[in-house]
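The values are calculated or read from the model by the stated rules, or taken from the named source; none is laboratory data. On a predicted model such as this, the values are computed, not experimentally measured, just so you know. As a convention, Cβ positions derive from the backbone with ideal geometry for all residues, glycine included, and neighbour counts pool all protein chains shown.
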Amino acid sequence: MTIERTAAKSLAGERLGAAEALELYRRAPTPLLGQLADAIRARKHPERVVTYIIDRNVNYTNVCVAKCNFCAFYRPVGSSEGYVLGFDELFRKIDETMAVGGVQLLLQGGHNPDLPLTWYEDLFRAIRERYPSFKLHALSPPELIHLSRLSQLPVAEVLDRLIAAGLDSVPGGGAEILVDRVRKLLHCYGKATADEWLDVMRTAHRAGLRTTATMMYGTVETDEERLEHLLRLRALQDETAGFTAFIAWSYQPAHTELSGSEATGVDYLRTLALARIVLDNFDNLQASWVTQGGKVGQLSLAYGANDMGSVMIEENVVRAAGASYCMDEVEIVRNIEDAGFTAKRRNMHYDILGDPIFREREVPRRLELSTSRDAGDGGEPSELRLYPARSHVGKIARLQDDAVADWPE
Ligand code: SF4
């Protein structure tokens, strides 16, 4: 089929097959891809509203046994740079988030063998009790698989327990590329195979949770594998309709074992447009300004995105790999409005919450994203002693903590 005929098929709202989509991606000029993606965005969102969420992106621990070779964020068990956030630190972050109109935490972290399932349950319960209306968008599929292995419980049971404790929705992290050849090369096959990642999402959707889906592209995958990732997500969405949104970001190579170079802005825009064209059963596509910067983030709105993602407030993972863009609510809204759209705040379910909050009341400007821990702010949270550690290093550390706690004043 010619590019023109495939483009006409897309414009008519028909689903494209794998060969057609691949041909389009490889041969269509970039403006044509943008035009097709924008037509779908306009069909799904004719009111010209672009949304964003005020939430905080918190990484509760950087200790991880998975050791993906594209990750600059993790530290091995026993590292002096490893950290776990305490409950009080997390409460403080929630207070700060609510002060700028935030409605949820996006909570993800490393696969820390010394944090058992009960630590998560107690944390979620404590948050639910203190902040009844605040939402927890937490624990990507590989983290849930890690907890399932650690607790020797099926993922469905882990999810049920976490939902009972206060989990509201599941972020789509850890998908990378959902093709096992790629996952083996990225050393992330062990944390979750493509089928396992999709199965966790299927289980979460069946348990009544909505989730997002992501893709980290630009490492070792071929064009066919990039497309296969999208087709696998489309198939699961046909089955469950549980995904609220799709987010693509480019691999950030600085300080990683894999190293290499970062995909260009045009590659990002073409990939985003391809996603909008292929993922015909996804309503929402986010712009990844945190990896692409505000200007390409804004251009994303002409390449299929209808959402500017989160104001984030805090970011650790992408920054560890060298990118440190920052947009607060004022800047996000300026970019949306300059592109000719109306900006609206939303929640994780894409319900509109209102106009920009800084137009309703004074909100402090943020010109830099925070990190999980300020430099030099080390130390283990005291409540960790209440939970059994699994690693040798962790067991010794907790025994020492107990001994110190038992010393007379
Ligand atoms: S990407 Fe996640 S699972 Fe992989 S090493 Fe980094 S923190 Fe661990």
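What about residue 161, is it at pLDDT 95 or above, basic (Lys, Arg) and within 16 Å of the ligand (Cβ to nearest atom)? The answer is no for residue 161. Selection of the range 80-95 for residues being surrounded by 13 or more Cβ atoms within 10 Å (Cβ to Cβ) and hydroxyl-bearing (Ser, Thr, Tyr) yields only 83.
Checked against (1) in contact (Cβ under 8 Å) with a residue 60 or more places away in the chain; (2) closer than 27 Å to residue 385 by Cβ; (3) within 16 Å of the ligand (Cβ to nearest atom), residue 57 passes all but a single condition, namely (2). Taken over the range 22-46, the criterion of being of a type in the set (Gly, Ala, Ser) and crowded, with 20+ Cβ neighbours inside 10 Å is satisfied by 28, 34, 37. Within the range 77-98, residues that are touching a residue at least 60 places away in the same chain (Cβ under 8 Å) and on the phi > 0 side of the Ramachandran plot reach partners that are of a type outside the set (Asp, Glu) and part of a loop (DSSP other than H, G, I, E, B) with beta carbons closer than 9 Å, at six or more positions or on different chains, in the pairs 78/391.
Against the test of being within 16 Å of the ligand (Cβ to nearest atom), surrounded by 19 or more Cβ atoms within 10 Å (Cβ to Cβ), assigned to a helix (DSSP H, G or I) and at pLDDT below 95, the options 291, 256 yield a single qualifying residue, 291. Within the option set 360, 329, being buried (at least 20 other Cβ atoms within 10 Å of the Cβ), touching a Gly at 6+ places or on another chain (Cβ under 8 Å) and farther than 20 Å from residue 212 by Cβ holds for one residue only, 329.
Scanning the range 82-107 for residues that are under 19 Å from residue 369 (Cβ atoms), part of a loop (DSSP other than H, G, I, E, B) and within 16 Å of the ligand (Cβ to nearest atom) yields 83, 85. Determine which member of the set 21, 66, 8, 37 is farther than 24 Å from residue 265 by Cα and part of a helix (DSSP H, G or I). Exactly one residue qualifies, and that residue is 8. Within the range 1-41, the set of residues being modelled with pLDDT of 95 or more and among the polar types (S, T, N, Q) comprises 6, 10, 30, 35.
Residue 365 - would you say it is modelled with pLDDT of 75 or more, touching an Asp or Glu at 6+ places or on another chain (Cβ under 9 Å) and either farther than 16 Å from residue 84 by Cβ or assigned to a loop (DSSP other than H, G, I, E, B) (or both)? Yes.
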